[in-house]
Amino acid sequence: MRYREFVCDAYRFAPDSGTLSLHYSFDGGPRFEERIVFPAATRTLSAPEAEALDRIFRLLLLACGVSYYKAFAPPRISCAAFPLDAATAAFFTAFYTKGLGEFAWRNGIDLGGLTFGGNAADVTAPPADAVVLDLPRRTCVPVGGGKDSIVTIECLKAAGEPMVLFELGSATPIEATIAQAGLPAIRVTRRLDPALFALNEAGALNGHVPITGILSMIVLACAVLHGFDTIAMSNEHSASAPNIADVNHQYSKSFEFEQALSHHLDRHVVRGVRYFSLLRPLSEVAIARRFARHAGYFPIFRSCNTAFRQAVERRGTNWCCDCPKCRFVFLALAPFVERQRLVQTFGRDMLDDPAQIDGFAELCGLQRHKPFECVGEVEESAAVLTHLAAMAEWREHAVVRALAPRLPQGNFASLFASRGPHLVPARYLAMLDACG
């Protein structure tokens, strides 16, 4: 059945339980309730802070709806919970169309005609000015369980920055990283409506959503509830690179999204919370070099998607060693970690496995497009692989021997130059430079 409209119906927050309930429906069709549970607030909120928190919950109603909208992807989205202003409608139109770019490409649908707010006449509310807050100086780092957030954590620790970590849900690599870091953490849980999974099983449309954008807005709510003035993400320069044409698997990790969210917050939601990615000036390979210095995390970090599956019983307990993320992280670390130690960490030498040649060729741009995964730019992968061909430890490996002659000689040294654009404040940029 094809529905014509998706509705963001209502949101309710229960301070006693810390539960934010989000309600959605399709016109004349399925209804959903999502629940996000925050730990109890550690402070009494002022009137401006309570107002800012409510505005952030409105953002979350609109953002989390993307998970349900995609089941049928109708041409109209409306909001029954509050009047939409033009700035908010424009921000979320981009969030849905660009954040669902891969989903649309894989499913062969066109989101170009999507209207947020129904139509222009429905968007009548005047844009609000941001609430100005004075929150305690503290930096929150969302933890993903991979190398990137670990580099951010250790960089800020070395600078003596007051910090708190953030965890969405519960996954072994994230919890192990938090334990290894030895820092306080805020844990939030997100429960998607089971009716959505039933629809997916019945054949509804499904695919990748801009989860990092949703996470960012959840962390923003925690900034008010738990008192911190900075959110330091760990998204690198290459997250802005498209996979094919204008489709970017990592849209909500891109500089475009970072800039759009920062601008919208500062103008219309809350002023006094900085949101930026500390690692934006770095390539993936530059991050890998920094991570290689923190051997204590080697046994516990994980980027492989199998460790983060929705169904806990289906989660992997090690690197699968047969996906683009496993291949890329292994490749990025190879110049900086002794071979035996790297193989011990992953459980397999992927670069000496002929069955992996096509997978690494895809990373290096020798296939039709970069994998739809959180991996570096094809130029990075190619430069690393040709660099390995000059290293005695790696040059005779099957993948290196097969692919290096097919690739142009990359400029490996250029991967360590600082890159722009970025939104990193000068004080944090000095911290990043100091731990380089």
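The values are calculated or read from the model by the stated rules, or taken from the named source; none is laboratory data. In this text, all values refer to a predicted model and were calculated from it rather than measured experimentally. Glycine gets a Cβ as well: all are built from the backbone with ideal geometry, and neighbour counts include every protein chain shown. These accessible areas exclude ligands, DNA and RNA; they are computed on the full protein's heavy atoms, side chains included. Shrake-Rupley method; radii C 1.70, N 1.55, O 1.52, S 1.80 Å.
In table form, for the structure just shown:
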{"quantity": "Subset of segment 13-32 that is under 19 Å from HIS226 (Cα atoms) and in a strand (DSSP E or B) - its residue that is least open to solvent (accessible area, probe 1.4 Å)", "calculated": "LEU20"}
{"quantity": "Segment 154-169 - residue that is in contact (Cβ under 8 Å) with a residue 40 or more places away in the chain and closer than 17 Å to ALA295 by Cα and, of those, surrounded by the fewest Cβ atoms within 10 Å (Cβ to Cβ)", "calculated": "ALA158"}
{"quantity": "Residues within segment 333-374 that are farther than 18 Å from HIS387 by Cα and either among the aliphatic types (A, V, I, L, M) or part of a loop (DSSP other than H, G, I, E, B) (or both), tallied", "calculated": "13"}
{"quantity": "Residue that is open to solvent by less than 20 Å² (accessible area, probe 1.4 Å), more than 22 Å from GLY28 (Cβ to Cβ) and not hydrophobic (A, V, I, L, M, F, W, C), where the choices are GLY99, GLY112, GLY108, GLY117", "calculated": "GLY99"}
{"quantity": "Pair list, Cβ < 6 Å and 6+ apart or interchain, from segment 180-198 residues that are acidic (Asp, Glu) to residues that are in a strand (DSSP E or B) and open to solvent by less than 20 Å² (accessible area, probe 1.4 Å)", "calculated": "ASP193/PHE32; ASP193/GLU34"}
{"quantity": "In segment 68-83, the residues that are open to solvent by less than 10 Å² (accessible area, probe 1.4 Å), in contact with an Asp or Glu (Cβ under 8 Å, 6 or more places away or on another chain) and not β-branched (Val, Ile, Thr)", "calculated": "TYR68, PRO74"}
{"quantity": "Test for ARG35: is it under 23 Å from LYS70 (Cβ atoms) and under 24 Å from the mean Cα position of the chain (by Cα)", "calculated": "yes"}
{"quantity": "Segment 39-64 residues that are acidic (Asp, Glu), paired with ones that are in a helix (DSSP H, G or I) and surrounded by 15 or more Cβ atoms within 10 Å (Cβ to Cβ) (beta carbon under 6 Å, 6 or more apart)", "calculated": "GLU49/VAL224"}
{"quantity": "Those residues of segment 253-268 which are hydroxyl-bearing (Ser, Thr, Tyr) and open to solvent by 10 Å² or more (accessible area, probe 1.4 Å), in sequence order", "calculated": "SER262"}
{"quantity": "Restricting segment 393-411 to residues that are part of a helix (DSSP H, G or I) and free of Cβ contacts under 8 Å to residues at least 40 places away in the same chain, the residue that is nearest to the chain's Cα centre (by Cα)", "calculated": "ALA404"}
{"quantity": "Residue within segment 114-124 that is among the acidic types (Asp, Glu), more than 22 Å from the chain's Cα centre (by Cα) and closer than 17 Å to LEU220 by Cβ present", "calculated": "no"}
{"quantity": "Condition met for ALA390 (in a helix (DSSP H, G or I), surrounded by fewer than 23 Cβ atoms within 10 Å (Cβ to Cβ) and among the aliphatic types (A, V, I, L, M))", "calculated": "no"}
{"quantity": "The listed residue being hydrophobic (A, V, I, L, M, F, W, C) and surrounded by fewer than 21 Cβ atoms within 10 Å (Cβ to Cβ), out of ALA223, ALA232, ALA204, ALA239", "calculated": "ALA204"}
{"quantity": "Any hit, segment 33-47, residues being of a type in the set (Val, Ile, Thr), over 23 Å from LEU261 (Cα atoms) and not in a strand (DSSP E or B)", "calculated": "yes"}
{"quantity": "Tally of residues being in a helix (DSSP H, G or I) and touching a residue at least 24 places away in the same chain (Cβ under 8 Å) across segment 313-332", "calculated": "8"}
{"quantity": "Enumeration of residues in segment 101-153 that are in a strand (DSSP E or B) and either touching a Pro at 6+ places or on another chain (Cβ under 8 Å) or farther than 24 Å from THR212 by Cα (or both)", "calculated": "THR115, ALA125, VAL131, VAL132, THR139"}
{"quantity": "Of residues in segment 316-330 being charged (D, E, K, R) and out of contact with any Leu (no Cβ under 9 Å at 6 or more places or on another chain), the one nearest to ARG348 (Cα to Cα)", "calculated": "ASP322"}
{"quantity": "Tally, over segment 170-196, of residues that are surrounded by fewer than 16 Cβ atoms within 10 Å (Cβ to Cβ) and modelled with pLDDT under 95", "calculated": "1"}
{"quantity": "Subset tally (residues that are of a type outside the set (A, V, I, L, M, F, W, C), outside any loop (DSSP other than H, G, I, E, B), under 19 Å from the mean Cα position of the chain (by Cα) and more than 15 Å from LEU415 (Cα to Cα)) for segment 280-307", "calculated": "2"}
{"quantity": "The listed residue being modelled with pLDDT of 95 or more, open to solvent by 10 Å² or more (accessible area, probe 1.4 Å), touching a helix residue (DSSP H, G or I) at 6+ places or on another chain (Cβ under 8 Å) and not hydrophobic (A, V, I, L, M, F, W, C), out of PRO142, PRO127", "calculated": "PRO142"}
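Conditions tested, residue by residue: (1) closer than 26 Å to LEU220 by Cβ; (2) open to solvent by 40 Å² or more (accessible area, probe 1.4 Å); (3) in contact with a strand residue (DSSP E or B) (Cβ under 8 Å, 6 or more places away or on another chain).
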| position | (1), (2), (3) |
| --- | --- |
| VAL273 | yes, no, yes |
| PHE291 | no, no, no |
| LYS325 | no, no, no |
| ALA332 | no, no, no |
| ARG339 | no, yes, no |
| THR345 | no, no, no |
| LEU351 | no, no, no |
| GLN356 | no, no, no |
| ALA361 | no, no, no |
